[in-house]
1. For residue 38, work out the one condition from (1) modelled with pLDDT of 95 or more; (2) more than 18 Å from residue 148 (Cβ to Cβ); (3) not aliphatic (A, V, I, L, M) it doesn't fulfil.
2. Within the stretch 305-340, work out how many residues are crowded, with 21+ Cβ neighbours inside 10 Å and closer than 30 Å to residue 227 by Cβ.
3. What tally of residues in the stretch 99-142 results from selecting those that are touching a residue at least 12 places away in the same chain (Cβ under 8 Å), farther than 30 Å from residue 279 by Cβ and in a loop (DSSP other than H, G, I, E, B)?
4. Residues that are touching a Ser or Thr at 6+ places or on another chain (Cβ under 7 Å) and within 12 Å of residue 264 (Cα to Cα): list the strands (runs of 3 or more DSSP E) wholly contained in the stretch 173-242 that include at least 1 such residues.
5. Restricting the first residue to the stretch 332-350 and requiring it to be more than 18 Å from residue 310 (Cβ to Cβ), which pairs with a second residue that is not hydrophobic (A, V, I, L, M, F, W, C) meet a Cβ separation below 6 Å and a spacing of at least six or different chains?
6. Could you count how many residues in the stretch 279-301 are assigned to a helix (DSSP H, G or I), surrounded by fewer than 23 Cβ atoms within 10 Å (Cβ to Cβ) and of a type in the set (A, V, I, L, M)?
7. Looking at this structure, is residue 314 touching a residue at least 60 places away in the same chain (Cβ under 8 Å), in a loop (DSSP other than H, G, I, E, B) and not small (Gly, Ala, Ser)?
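The values are calculated or read from the model by the stated rules, or taken from the named source; none is laboratory data. Since we're looking at a predicted model, the values are computed, not measured. Note: ideal-geometry Cβ built from the backbone for every residue, glycine included; neighbour counts use all protein chains shown.
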Amino acid sequence: MIDVVIAGGGYVGLSLAVSVKKAAPHLAVTLIDGAPEHAWKKDERASAIIAAAAQMLDVLGIWSEIEPEAEPIKRMVITDSKTADPVRPVFLTFEEGGVDGRPFAHMVPNVALVGALRKAAAALGVDIRASAVAKDFKSGDHSVAVTLASGDVIEARLLVACDGVRSKLRDAAGIKTVDFDYGQSGIVTTVEHERPHDGTAEEHFLPAGPFATLPLKNNRSSLVWTELTRDAERLIASDDLVFEEELERRFGHKLGALKVVGARQAFPLGLTLARDFIAPRFALAGDAAHGIHPISGQGLNLGFKDVAALAETIVDADRLGLDIGWLAVLERYQSWRRFDTFRMGVTTDVLNRLFSNDATPIRALRDFGLGLVDRMPSLKAFFIRQASGLGGQGEPKLLGGQPI
């Protein structure tokens, strides 16, 4: 019998498999990856990895492999204006120095992240099954039977669903969600510019939603551009000239001429929060447990926090001789993660409603608030520590840079 079956071969599923196997090599871990063998190599996106998640990846032995591809975010600038405004006043700046002299986040190409995790998983003996899909499951007193689309059945002590925001396994478990569609889509692409960004990330709050530019290696930046869904679809379908013209209106000319060098993709934005994170012999992690607005750049990092908490729950239970799939054991994971996730979901929801709004009184209020924070160094330091994931009380060991 397998000890842990993980459904989903993205960064959450892979990092959970690596975390469990590294701390408890005797546990049998199978990862079911619905994508074809090398599909991950085609992902042109990049992700923000906060300092706590970088510490976790360092403990797992892969940060040294990722770091050469990672670009530190040294400075964060926040502006608020209309798209056509000739001047964009800066209301809030997080200067270089980060947390304890370290960058509070790095931008990492998804290919580098997933590639390093897959290499580590293979080295540790994780059984990775590509092009396999977990279709259904049935929990019993002592095991869970996981049925694959091929008809094969895998017996395990615990099933973890990391199969995305539209998780089929979450539905099969009967776990309800809180859902809201923002009517927005996030356009993601990569641009190349003439002048260096110097490690500066910028977030422009525009009437349709935030327009974020995030630094990458070699004079490139990753864009997360929020628009109303109908406008995003129009932009994605437009020719290169129209797309780049609209892009320049938002990006500006401070870094010189721009060239789009990555594929254009658009993703619908909404809020999805699972009401429960666990069921008998079953747990949710990553986007299967929560999908939030990218306004805070915390979506991927919430998944890493899930991994750190769930891996520690599994390994500690195993060391105590407890059944790792027992509902009472999994309650520890749920209590660790559910409140933090709901708090982040509500925070991003409020921020999006507040800043994706062109009403003059609301703009004046939010700009006053940003300016107030900018003039209070202790408050800025608090927010940057929160954003970095460092300094929290009772956090899982991996996020604090300690092995389980």
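1. For residue 38, the exception is condition (1).
2. The number of residues fulfilling the criteria is 2.
3. Result for the stretch 99-142: 3.
4. Qualifying strands (runs of 3 or more DSSP E): 177-193, 220-228.
5. Sorted first by the residue in the stretch 332-350, then by its partner, the pairs are 348/293; 348/296.
6. The first filter runs over the stretch 279-301 and keeps only residues assigned to a helix (DSSP H, G or I), leaving 286-288, 294-296, 299-301.
Now drop any that are not surrounded by fewer than 23 Cβ atoms within 10 Å (Cβ to Cβ), which leaves 294, 296, 299-300.
If we keep only those that are of a type in the set (A, V, I, L, M) too, we end up with 300.
Residues flagged as assigned to a helix (DSSP H, G or I), surrounded by fewer than 23 Cβ atoms within 10 Å (Cβ to Cβ) and of a type in the set (A, V, I, L, M) within the stretch 279-301 amount to 1.
7. On the way: touching a residue at least 60 places away in the same chain (Cβ under 8 Å): yes; in a loop (DSSP other than H, G, I, E, B): no; not small (Gly, Ala, Ser): yes.
Criteria not met by residue 314.
Quick grid of which residues meet (1) among the small types (Gly, Ala, Ser); (2) out of contact with any helix residue (DSSP H, G or I) (no Cβ under 6 Å at 6 or more places or on another chain); (3) over 19 Å from residue 294 (Cα atoms):
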{"residue": "165", "(1), (2), (3)": "no, no, no"}
{"residue": "174", "(1), (2), (3)": "yes, yes, yes"}
{"residue": "218", "(1), (2), (3)": "no, yes, yes"}
{"residue": "222", "(1), (2), (3)": "yes, yes, no"}
{"residue": "225", "(1), (2), (3)": "no, yes, no"}
{"residue": "244", "(1), (2), (3)": "no, yes, yes"}
